Amino acid sequence: MKAIKQIITTTIAIFACMSFATAGGWTTNLDTALSSAKKNKKFVLAQFTGSDWCPPCMMIHDKVFSKSSFTGPASKKFILVKIDMPKANKSLTLKNRKVMRDYKVTGVPTVLLFGDDGREFSRFGAAQYPTVDGFLDKLREELKKKDMD
């Protein structure tokens, strides 16, 4: 009985982690990320994307978001969240379309930055910063602006 209980507990923990974390340090649940940010005193970077149909989204993924030279430094201050609207996964698109509406995101690729208080403090088009260094510079600039408020 003890072994079964341990297996069930381990299985639940694995599925919980899988729903929060994805490859490359990106999560897929904005609400969970915002809650975690509050607990861990971190910011949240939410990217809204159309991974299988949007050329600028695919470009910024390939050149920036998929690179460990980006995710490593960015994840020190930010919880990284990917809100995807892929044509190949209608149920995911429907779920994430609601998130887009809730945050009034009208196009992709768009990035929203949130403080540890859960409030948005910046939004911008991700494709404007097509290099790792350029994107990290933009994040530093936005954090400096937030500190001045």
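Just so it is clear, none of the values below were taken in a lab; they were calculated from the coordinates. Remember, it's a predicted structure, so these values are computed and weren't measured experimentally. No Cβ is skipped: glycine too gets one built from the backbone with ideal geometry, and neighbour counts run over all protein chains shown.
Values for this structure:
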quantity	calculated
The range 101-118 residues that are farther than 16 Å from Leu139 by Cα and in contact (Cβ under 8 Å) with a residue 40 or more places away in the chain, paired with ones that are assigned to a strand (DSSP E or B) and polar (S, T, N, Q) (beta carbon under 6 Å, 6 or more apart)	Val108/Thr49
Test result for Pro86, surrounded by fewer than 19 Cβ atoms within 10 Å (Cβ to Cβ), touching a residue at least 12 places away in the same chain (Cβ under 8 Å) and either assigned to a helix (DSSP H, G or I) or under 13 Å from the mean Cα position of the chain (by Cα) (or both)	no
Output for the range 105-149, where each listed residue is over 16 Å from Met58 (Cβ atoms) and assigned to a strand (DSSP E or B)	Leu112, Leu113, Phe114, Glu120, Phe121, Ser122, Arg123, Phe124
Number of the condition not met by Val44 [criteria: (1) surrounded by fewer than 18 Cβ atoms within 10 Å (Cβ to Cβ); (2) among the hydrophobic types (A, V, I, L, M, F, W, C); (3) within 21 Å of Arg140 (Cβ to Cβ)]	(1)
Condition check for Arg123: surrounded by 15 or more Cβ atoms within 10 Å (Cβ to Cβ), among the charged types (D, E, K, R), without any contact (Cβ under 8 Å) to a residue 60 or more places away in the chain and on the phi < 0 side of the Ramachandran plot	yes
